[in-house]
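Colleague: Below are the structure tokens for one structure; questions will follow.
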Amino acid sequence: MPSVRQKGVAFPWNLATQQRQQQRCPASTSSSSTPAPGQARANRDSGSDSDSDSIVDEEIPVHFPNNNTMKIPSLFTQYPVVRDPLVTPTSRVQDETIEACLPFLRGESDDVTTYNEHGVASLNRENHLPFLRQWLGRLPGRLMGFDAGRPWFFYWCLSALTLLGEDVTQYRADLVETVRYLQNPEGGFGGGFGHLSHLATTYAVVLALALVGGEEAYDVIDRKAMWRWLCRLKQPDGGFQVCVGGEEDIRGAYCAAVIITLLRLPLELTPESPAYKEDRSVNLFTGVADYVRRCQTYEGGISGQPNAEAHGAYAFCALGCLAILDHPARSIANYLDVPRLISWLSSRQYAPEGGFSGRTNKLVDGCYSHWVGGCFPLIEACLNGSDKLPPADEPSLFSREGLIRYILTCGQDHGRMGGLRDKPGKFPDAYHTCYVLNGLSAAQHQWELDPPSSSSITTTVAEERGNDTASDAAALSEAAAEAVWAVLPYLGEDGPQIFDNKDRIRPIHPVYTIPTRSVKAMREYYGTVEGF
Ligand code: FPP
Ligand code: ZN
Ligand code: K
């Protein structure tokens, strides 16, 4: 057995792990019972203090007592080979997280009823569905604290149900009657009845209405008031406040861009806008891309505001926003340092967990399956359409296998409760159910966006006039919204499909995070309504 102890340098973490594992697995030293799956795994239980030289697990597949061999690459079953030996509170919680995930990843968790031959659990669809439906019903009084975020529950649940293949048009009438009273006459939707309009809750309402679809849903939105309200939120530095007088951040910019293009609002500013200029040289999209650019940090990731800490949730907002303003091959390539962003995004994926963290030195969490995982289709569209950047030379820029393993083993409640979650030990909730499924969908599909056509009028216009007038900006974003994102199931060039076919969920639009047909139907409707 090879030893990694050379010239007096030891790797104490593996020793600690091994000792912890021995403590946790008394069965390995007793001959009384059949070992649980994985306990017969080579090397793992054989260590003793006298055997402390053999402290790195060998790459041996996990063997099972029933002669069934689960094919789990050792990358996902053991501690990373290279680690910083400095112990800090951060490294401790990281190790605790690995310990909590390993039984799930190794095919050993008693919570999981069925593991397939790849050591992957099946999607607990039959319990996720009622879990989601319950959050769309009447909620008990103790949940009153969520009042300010009610629209989020509509979007999270309707979106997750849609990903699972449910027809959500049955919720249309109830949704319309509920959100009608969240809308303010001065534009936008608040979280609860009588609440101030907020960009996040308005974004959630608009997406929820798009998901249920239909004229009744589209007609509930007062688009003219919405446009006036957005003009008041637009700031001279290019960004958007999230509510009148509130904070300005990149969520605001992304939510505004989504709302403007789904509702096909004009880009001209009202004189009430803090960004208004008499010469009309400023519109709703002026300076947005530059605002996003200022949010890229020294780490390569994106922060919520210029000069703050990079976080995965903001990376998605940044890329989504740029992909709305123009074709990602131009907007992302022109405004962000793409290689450094890819490096930062890649660093968010951890082994052995396989899932993503939201920021440097923090823990894996299922919701980043979307916030970080959802960045990759946009990055790929950028690379493949750009002649300034090299094409993505890998079939995938992240380990889809790792993400799928994390989601299906660690990221779901495997029991009757259903729902998806942050990590083992955490309770599932509607937010995580939505975004973990979004991430699963991103990992299971592959997107192709037509490259920008260099001969198109919009490109010429953008290059010649610097994309400053409202009509130029409108032409570019119009083309971006109409561009066809072709989707294929990702079959994997790096091995067999590790999940069961029945667990493939629906694809969603990589920018708008709702099905492409919902984006189309809503935009088509507002394109045909008389006047504005
Ligand atoms: C840190 O939480 C989280 C953030 C700084 C950003 C949260 C923002 C979003 C999830 C989405 C915003 C997007 C829209 C479209 C409204 P934490 O410290 O609890 O988590 P961490 O340890 O994983 O960073
Ligand atoms: Zn989370
Ligand atoms: K390219």
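The values are calculated or read from the model by the stated rules, or taken from the named source; none is laboratory data. No experiment lies behind these values; they were computed from the predicted model shown. Because the Cβ atoms are built from the backbone with ideal geometry, glycine has one as well, and the counts that use them run over all protein chains shown. Quick note on the areas: whole protein, heavy atoms, side chains included, nothing else; ligands and nucleic acids left out. Shrake-Rupley method; radii C 1.70, N 1.55, O 1.52, S 1.80 Å.
Colleague: If the cut-off is 30 Å between C-alpha atoms, which lysines fall inside it for Lys426, apart from same-chain ones fewer than 8 positions away?
Modeller: Leaving aside lysines fewer than 8 places away in the same chain, those within reach of Lys426 are Lys71, Lys362, Lys502.
Colleague: I'd like the chymotrypsin sites (Phe, Trp or Tyr not before Pro) in the range 119-185 restricted to DSSP loop residues with at most 15 other Cβ atoms within 10 Å, sorted by number.
Modeller: Working: sites: Phe131, Trp135, Phe146, Trp152, Phe153, Phe154, Tyr155, Trp156, Tyr171, Tyr181; in loops: Tyr181.
Loop-located and lightly packed - Tyr181.
Colleague: Follow-up question, since we're still on this one. Among the lysines, select those whose C-alpha is under 29 Å from the C-alpha of Lys277, and discard any that sit fewer than 8 residues away in the same chain.
Modeller: Qualifying lysines at Cα under 29 Å: Lys224, Lys234.
Colleague: State the percentage of accessible surface on the range 314-382 attributable to carbon and sulfur atoms; use a 1.4 Å probe and exclude ligands, DNA and RNA. Mind showing how you got there, number by number?
Modeller: Numbers: 720 of 1530 Å².
The C+S portion of the solvent-accessible surface of the range 314-382 is 47 percent.
Colleague: Moving on to the next point. Evaluate the charge dipole of the range 108-155 about its Cα centre and quote only its size in Debye, nearest 20, assuming +1 on the Cβ of each Lys and Arg and -1 on the Cβ of each Asp and Glu. Write down the numbers at each step before the final one.
Modeller: Details: 5 positive and 6 negative charges, 112 e Å.
Rounded to the nearest 20 debye, it is 540 debye.
Colleague: Scan the range 74-146 for trypsin sites (Lys or Arg not before Pro) in coil per DSSP, keeping those whose Cβ has at most 11 other Cβ atoms within 10 Å, and list them by number.
Modeller: Working: sites: Arg83, Arg92, Arg106, Arg125, Arg133, Arg138, Arg142; in loops: Arg83, Arg106, Arg138.
Of the trypsin sites (Lys or Arg not before Pro), the ones in loops of the range 74-146 whose Cβ has at most 11 other Cβ atoms within 10 Å are Arg138.
Colleague: Relative contact order of the range 175-320: what whole-number percent is it, with Cα pairs under 8 angstrom and at least 6 residues apart? List each step's numbers first, then the result.
Modeller: On the way: 235 pairs, mean separation 25.8, N = 146.
Relative contact order comes out at 18 percent.
Colleague: Does anything in the range 264-307 have its amide N under 14 Å from the 7 Å Cα→Cβ label point of Asp337, and if so which residues?
Modeller: 293-303, 307
Colleague: Now a separate question. So what's the gap between the Cα centers of the range 343-396 and the range 113-161, to the nearest angstrom?
Modeller: So the two Cα centres are separated by 25 Å.
Colleague: If you don't mind, another one. Mark the label point 7 Å from the Cα of Asn307 along Cα→Cβ and return the residues of the range 233-277 whose backbone N is within less than 20 Å of it.
Modeller: Under 20 Å, as judged by backbone N against the label point of Asn307, lie 235-242, 246-253 of the range 233-277.
Colleague: Follow-up. Taking the dipole about the Cα centre of the range 379-434, with the C-beta of Lys and Arg at +1 and of Asp and Glu at -1, give me whichever of Tyr431, Gly385, Gly402 is farthest to the positive side.
Modeller: Of Tyr431, Gly385, Gly402, it is Tyr431.
Colleague: For the range 421-446 and the range 226-298, what is the separation of their Cα centres, given in Å?
Modeller: Here the answer is 30 Å between Cα centres.
Colleague: Something else: Rounded to the nearest 20 Debye, what is the dipole magnitude of the range 188-341 about its Cα centre when Lys and Arg each give +1 and Asp and Glu each give -1 at the C-beta? Walk me through the numbers on the way to the answer.
Modeller: Details: 13 positive and 17 negative charges, 34 e Å.
Its charge dipole is roughly 160 debye.
Colleague: First compute the accessible area of the range 108-203 with a 1.4 Å probe, then give the percent of it belonging to carbon and sulfur atoms. Write out the running numbers ahead of the final one.
Modeller: Numbers: 2370 of 4500 Å².
Looking at the range 108-203 in its full context, I get 53 percent from C and S.
Colleague: Then there is this: Place a +1 charge on the Cβ of each Lys and Arg in the range 341-436 and a -1 charge on the Cβ of each Asp and Glu, then give the dipole magnitude about the Cα centre in debye, rounded to the nearest 20. Before the final figure, lay out each step's value.
Modeller: Numbers: 10 positive and 10 negative charges, 69 e Å.
Here the range 341-436 has a charge dipole of around 340 debye.
Colleague: Looking at the range 324-414, which GluC sites (Glu not before Pro) are in a loop (DSSP not H, G, I, E or B) and have at most 13 other Cβ atoms within 10 Å? Write out the running numbers ahead of the final one.
Modeller: Values: sites: Glu353, Glu380, Glu401; in loops: Glu353.
Taking the range 324-414 and a limit of 13 other Cβ atoms within 10 Å, no loop GluC sites (Glu not before Pro) are found.
Colleague: Please list, in order, the residues from the range 157-201 whose amide nitrogen is less than 20 Å from a point placed 7 Å along the Cα→Cβ vector of Asp147.
Modeller: Counting only backbone N, you get 177-185, 189-201.
Colleague: What whole-number value in Å² describes the accessible area per residue of the range 167-271 for a 1.4 Å probe?
Modeller: Numbers: 3520 Å² over 105 residues.
Accessible surface, normalised per residue, equals 34 Å².
Colleague: Which one of Ile260, Ala333, Gly304 is farthest out on the positive end of the charge dipole of the range 246-333, using unit charges on Cβ (Lys, Arg +1; Asp, Glu -1) and the Cα centre as origin?
Modeller: Ranked along the dipole, the leading option is Ala333.
Colleague: Once you list every other residue whose beta carbon is under 13 Å from the beta carbon of Val112, what net charge do they have if Lys and Arg are +1 and Asp and Glu are -1?
Modeller: Values: positive: Arg106, Arg405; negative: Glu108, Asp110, Asp111, Asp413.
Residues close to Val112 contribute a combined charge of -2.
Colleague: Measure out, as a whole number of angstrom, how far apart the alpha-carbon centroids of the range 172-187 and the range 498-515 sit.
Modeller: Each part reduced to its Cα centre gives a spacing of 29 Å.
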